[in-house]
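Just below is one structure, and these are the notes that go with it.
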Amino acid sequence: MDFGQTPAQSDAVAHARAQALAFDAALRPAERAFWQAAGENGWVGYCLPTAAGGAGFDALTTVLVVEALGRAGVSRSALFAMGAHLFGCAMVVANHASAVDQQHWLPRLARGDAVGALALTEPEGGSDLADLDCTITEDGDTLILNGVKTLVSNAPMADLFIVSARQTGPRSALNNAALCVPRDTPGVSVAPVTGSLGLRDAPMGRVTFDAVRLPPTAYLGGKGRALPVILSAMQWERSCILAGFLGAADRDLVAVTGHLAARRDSKGSVLGHQAVLHSLAEVRASLESARWTLYRSASALDQGEDPIFHPAASKLVVSRAIVSAARTLQEVMAGAGWLDTLGIASSLADVMGTLSASGSTFVQLNAIGARLTRK
């Protein structure tokens, strides 16, 4: 399989890199100015339809340009917040929302005028679609949503939530629906969640839905269709959201290698120590292996291939590779790493959460294992 970049992809990557190098690093995802600037650059609309103001990129091109942003210096907090917006919310609207909601929301999401969030995790049951406490009841033509979601990325800034909830009846993954819920709907309230060890600039919150009344057009894909909707969101998130983190890991490897090359001891450059050089070589090889897994998953998404295996494999391999890389770089930096020289300790804190975001490592292993045992 050839993953050589087309001229159009090379141009898009070069353009993204130039934008990233010129971007104001002081802007944070908890500020409207960040989203406006990201929207002006086109970052939050990469894979949205051109008719809605997006770039219309396929998944592979999107991965390439997001990776370039990370390699050129965009923070992991910014990359994660934008990924949650684009892959977890905006693409769900593009693929599953009613025509009314698409016309209203997609141009705003593409411009960064509105921020999106995917609200799946609950305080007690996690993100298990078979065990949701959040409920939908119907009162004539009105939907009534009650419940709480937590650890929702972008929640404090979000204008639109994609919400999973259980319909009247037994707890079952087949008895759920997904909804478009505007932030300004009466009964929606948000409380920030703080204190995370990593990605501290990526806003996160707890969202309460208290007798929130919605029109039937709020259904995504119709009644009882939460499973394919959330599966679609996970395809995009698991296949694409860590691309920027992989680029950032490349950036850290280059910085650490340069730092160690300049350091001297009684035997010469620190890079002259075989153990140090081998450690960096392991990081380089691991990141490259993860990169091809990432590209393969994005290509599979574009080609309509297995929607379970490829995203799960990509999320598993890439998250493990970037965590391992951060740990190794912290180790070879020794005391300087502990002092957060080059931001290496912060990088490790930032990437640890990727082992659980968009489904934990064990969720990915279960998904891959299910494919092995499927008849």
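Here are the numbers:
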item: Packing rank of 3-14, 188-199, where each peptide gets the mean count of other beta carbons within 10 Å, highest leading; result: 188-199, 3-14
item: Separation of alpha-carbon centers, the stretch 1-46 and the stretch 297-366, rounded to whole Å; result: 21 Å
item: Most positive-pole-ward Cα, SER127, VAL276, GLY335, against dipole of the chain from beta carbon charges; result: VAL276
item: Counting DSSP beta bridges with both ends in the chain, the antiparallel % (nearest 5); result: 85 percent
item: For ALA114, residues with placed amide H under 5 Å, excluding near neighbours; result: LEU109
item: For the chain, alpha-carbon Rg and Dmax in angstrom; result: 21.0, 81
item: The chain, helix-only ellipticity at 222 nm - DSSP H runs n ≥ 4, -39,500 (n - 2.57), divided by all residues, nearest 500; result: -16500 deg cm²/dmol
item: TRP236, TRP338, TRP292, ranked by accessible area, largest first (probe 1.4 Å); result: TRP338, TRP292, TRP236
item: Cα-based equivalent ellipsoid, the stretch 131-230: semi-axes from gyration tensor eigenvalues, Å; result: 24, 15, 11
item: Karplus (6.51, -1.76, 1.60) ³J(HN,Hα), θ = phi - 60°, over the stretch 45-58, in Hz, Gly and Pro reported as x; result: x, 3, 9, 7, x, 5, 5, 9, x, x, 7, x, 5, 6
item: With DNA, RNA and ligands ignored, accessible area of HIS259 (1.4 Å probe; Å², nearest 10); result: 50 Å²
item: In sequence order, calculated HN-Hα J values of the stretch 358-364 (Karplus, 6.51, -1.76, 1.60; Hz; x Gly/Pro); result: 6, x, 5, 3, 6, 5, 5
item: MET1 accessible area, assembled protein chains, probe 1.4 Å, Å²; result: 150 Å²
item: Karplus-derived 3J(HN,Hα), 6.51/-1.76/1.60, for each residue of the stretch 29-44, Hz, glycine and proline x; result: x, 8, 10, 4, 4, 4, 5, 5, 5, 4, x, 4, 6, x, 5, 9
item: Gain on full stretching of the segment that runs from ASP113 to SER10 - 0.36 nm per residue minus C-alpha separation; result: 34.3 nm
item: Exposure of PHE57 as accessible area (Å², to 10), given a probe of 1.4 Å and all protein chains; result: 60 Å²
item: Inter-label distance for ASN95 and SER279, nm, one decimal - labels placed 7 Å from Cα along Cα-to-Cβ; result: 4.0 nm
item: FRET efficiency for LEU231 and ARG320, using Cβ-Cβ distance with R0 set to 30 Å, rounded to 0.05; result: 0.85
item: Point-to-point label distance, SER189-ARG374, nm (Cα→Cβ direction, 7 Å offset); result: 4.3 nm
item: Simple spin-label estimate for VAL254 and GLU138 in nanometres, 7 Å along Cα-Cβ; result: 5.6 nm
item: For the stretch 138-290, size of Cβ-based charge dipole, Lys and Arg +1, Asp and Glu -1, in debye; result: 320 debye
item: DSSP loop GluC sites (Glu not before Pro) with at most 14 other Cβ within 10 Å: longest gap in the chain; result: 125-304
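The values are calculated or read from the model by the stated rules, or taken from the named source; none is laboratory data. All values derive from a computational prediction rather than experimental measurement. Reconstructed Cβ throughout: ideal geometry from the backbone, glycine too, with neighbour counts over all protein chains shown. Accessible surface areas use protein heavy atoms only, side chains included; no ligands, DNA or RNA. Shrake-Rupley method; radii C 1.70, N 1.55, O 1.52, S 1.80 Å.
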